[in-house]
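Heads up, the thing below is written out as structure tokens.
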Amino acid sequence: MKQLNDKFGRPIRDLRISVMDKCNFRCPYCMPAEIFGEDYMFLNNKEMLSDDELVRLTELFVQVGVTKLRLTGGEPLLRPNIIDLVRRLAAIPHIEDLAMTTNASHLPKHAAALREAGLHRLTISLDSLDEQVFQSMNGYKSTVAEVLKGIKSAENAGFSPLKINCVVKKNVNDHTIAALARHFRDTPHIVRFIEYMDVGNLNGWVMDDVVSADQMQDILSAEIPLEPIAPNYAGEVARRFRYRDGSGEIGFITSVTKPFCGNCTRARLSAAGEYYTCLFGLRGTDLRAPLRDGASDEEILDIISGVWSRRSDRYSELRTSFTKIPRKGAEMYRLGG
Ligand code: SF4
């Protein structure tokens, strides 16, 4: 396996696959309900990559150095036969880590089967424990109880520690982050507080709505002092902290105030087969067409390698230098964060 690096010497190591563009939530910062209504045309089964196509592409990405997979969406558990797909991806040689990001609403049904199929880790989105706040942040499609039930079924299935992702927006849920942190203290689970980002083109992002990680840290340290801890590996997305009293770990994902492009080893694949080299990429590369036009593995590997070796993305480092936020190539729900 020949390690493939980009223009900055960053290896391709992580592949984030959006296995489904549909979602049962309508989080305003990702899939605002006023745009994604009942009649919104999501990908049909023919437009979506099949399991065979996803497995083949993943095997090719592994040949150039990918060892970590993250399954995302939309909501990945809405994909038909998701358990079979997880089983096949988990069986690919050289895959060291297979994780999934989910809104947890379908975990009671799938958690045990995901574990048995070979899924290693789960990350669960939960923006607040305050019922009114949480519902306003998921488009009134779910309840705190439903997500906590999903978390329980994940624990019962043996997933631990869980990562809990919380997107923090000023004057929306920042007043509830301490309660969320408190809820998961003294558990093995790790809450990661995410700075609100200008992903896609639909969430009306402005800098004034951002609560910086430093501000979040001040809010949380007021209760229990925090201290930084070393990353688990180079390129880890979250900045790790632990409570000085030993009651657990939390993290901050600081794309806006402390960008981490320097170590970014993440490629992304949409459910329609678009290959992106950055979450904020202006355009992707279509891999579905060559796949379906009978291209050989070598031809597709040439496309994958060519795109990555020409990569020079560092959007988050450049964000504050833009006078006007540029238009993005893909919405969050198509690339899955
Ligand atoms: S902005 Fe793009 S290059 Fe920077 S860390 Fe995010 S995905 Fe990677």
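The values are calculated or read from the model by the stated rules, or taken from the named source; none is laboratory data. Owing to the predicted nature of the structure, the values given are computational and were not obtained by experimental measurement. Cβ atoms come from the backbone with ideal geometry, glycine included; neighbour counts cover every protein chain shown. Only protein heavy atoms, including side chains, enter the accessible area calculation; ligands, DNA and RNA are left aside. Shrake-Rupley method; radii C 1.70, N 1.55, O 1.52, S 1.80 Å.
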Exercise. Whole-Hz Karplus ³J(HN,Hα) for the range 288-302, in order, using 6.51 cos²θ - 1.76 cosθ + 1.60 and θ = phi - 60°, x for Gly and Pro?
Worked result: 5, 4, x, 4, 7, 8, x, 4, 7, 4, 4, 5, 6, 4, 4
Problem set entry | Computed [θ] at 222 nm, deg cm²/dmol, the chain (DSSP H ≥ 4; -39,500 (n - 2.57); rounded to nearest 500) | -8000 deg cm²/dmol
For this session: Report, to two decimal places, the Cα Rg of the chain normalised by 2.2 N^0.38 Å (N = number of residues).
Result: 0.95
Exercise. Given 0.36 nm per residue, what is the gain on full extension from K109 to D52 after removing their alpha carbon distance, in nm?
Worked result: 18.1 nm
For this session: Could you check what % of the DSSP bridge pairs in the chain are antiparallel, to the nearest 5?
Result: 30 percent
Problem set entry | Y140-M207 pseudo-label distance in nm [points 7 Å out on the Cα-to-Cβ vector] | 3.5 nm
Exercise. Averaged per residue, what accessible area in Å² does the chain show with a 1.4 Å probe, protein chains only?
Worked result: 43 Å²
Seminar exercise, completed: Under a 1.4 Å probe, counting only protein heavy atoms, D286 has an accessible area in Å², nearest 10, of 70 Å²
Exercise. In whole percent, what relative contact order does the chain give with Cα contacts below 8 Å and a gap of six or more residues?
Worked result: 22 percent
Problem set entry | Angle in degrees between helix 144-156 and the longest Cα principal axis of the chain, rounded to the nearest 10 | 70 degrees
For this session: With a 1.4 Å probe and every protein chain kept in, tell me what percent of the accessible surface of the range 1-139 is carbon plus sulfur.
Result: 52 percent
Seminar exercise, completed: Under the 7 Å Cα-to-Cβ spin-label approximation, D214 and L318 lie apart by a distance in nanometres of 2.5 nm
Exercise. For H106, what accessible area in Å² do you get when you roll a 1.4 Å probe over the heavy atoms of the protein chains, rounding to the nearest 10?
Worked result: 50 Å²
Problem set entry | About the Cα centre, charge dipole magnitude for the chain (Lys/Arg +1, Asp/Glu -1 at Cβ), debye | 440 debye
For this session: Rounded to whole Hz and in sequence order, give me ³J(HN,Hα) for the range 21-33 from the Karplus expression 6.51 cos²θ - 1.76 cosθ + 1.60, θ = phi - 60°, writing x for Gly and Pro.
Result: 8, 6, 8, 9, 9, 9, 5, x, 7, 10, 9, x, 4
Problem set entry | For the range 127-166 versus the range 228-261, the gap between their alpha-carbon centres in whole angstrom | 21 Å
For this session: Determine the order of K68, K328 by accessible area, beginning with the largest, at a probe radius of 1.4 Å.
Result: K68, K328
Exercise. Loop-only check: which GluC sites (Glu not before Pro) in the range 1-79 are DSSP coil with at most 12 other Cβ within 10 angstrom?
Worked result: E34, E38
Exercise. Can you give the Kirkwood hydrodynamic radius for the range 95-227, in Å, rounded to one decimal and based on Cα pairs?
Worked result: 15.7 Å
Exercise. What FRET efficiency comes out for the pair S309/R87, r = Cβ-Cβ distance, R0 = 45 Å, nearest 0.05?
Worked result: 0.90
Exercise. According to a simple spin-label model (label point 7 Å from Cα along Cα-to-Cβ), what is the distance in nm between F8 and D97?
Worked result: 1.8 nm
Problem set entry | Rounded percent of accessible protein surface that carbon and sulfur make up, the range 250-337, 1.4 Å probe | 49 percent
For this session: Please list T143, T102 in order of solvent-accessible area, largest first, computed with a 1.4 Å probe with all protein chains present.
Result: T143, T102
Seminar exercise, completed: Quick tally, 1.4 Å probe accessible area for E96, E274, sorted with the most first, runs E96, E274
